[in-house]
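Some notes on the structure that comes next.
The values are calculated or read from the model by the stated rules, or taken from the named source; none is laboratory data. Here the structure is a predicted model, which means the values were calculated and not measured. Positions of Cβ are generated from backbone atoms using ideal geometry, with glycine treated the same way; all protein chains shown enter the neighbour counts.
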Amino acid sequence: MRTGYNRNQTTWRRSKKKTSTPEYSGIDQDFLDILQQHTAGNPMNSSIRWTYLKPREIVSELLKKGYSVSRNIVRYLLN
């Protein structure tokens with residue numbers, strides 16, 4: 001008797017949603033320009049630096065320069 005279902009021939013695949021991420025040329029330099037004015041550091045160790053800006057404030061500054069990014073992108077750039 002044939003049921004129409006053959007376990008050996010049926011494969012289940014997850015559909016992969018294609019996402020497009022916008023590429024911003026020049027965002028690195030503009031990001032660094034924003035941070036340069038609000039960055040402090042350790043005088044004993046020049047590799048330790050921090051900023052006083054919150055991620056949402058950086059998003060706001062990048063938006064003024066024409067970049068539409070989220071706080072998660074800013075957090076990624078900070079690391």
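Summary table below
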item	result
Unique match (being at pLDDT below 90, surrounded by 10 or more Cβ atoms within 10 Å (Cβ to Cβ) and polar (S, T, N, Q)) among 9, 37	37
Index of the failed condition, residue 32 passing every other in (1) at pLDDT below 90; (2) part of a helix (DSSP H, G or I)	(1)
Which numbered condition residue 76 fails, given (1) at positive phi; (2) modelled with pLDDT under 90	(1)
Residues of the stretch 46-71 satisfying the condition of being in a strand (DSSP E or B) and closer than 12 Å to residue 31 by Cβ	51
Candidates 20, 47, 15 - the one that is modelled with pLDDT of 80 or more, loosely packed, with under 10 Cβ neighbours inside 10 Å and of a type in the set (S, T, N, Q)	47
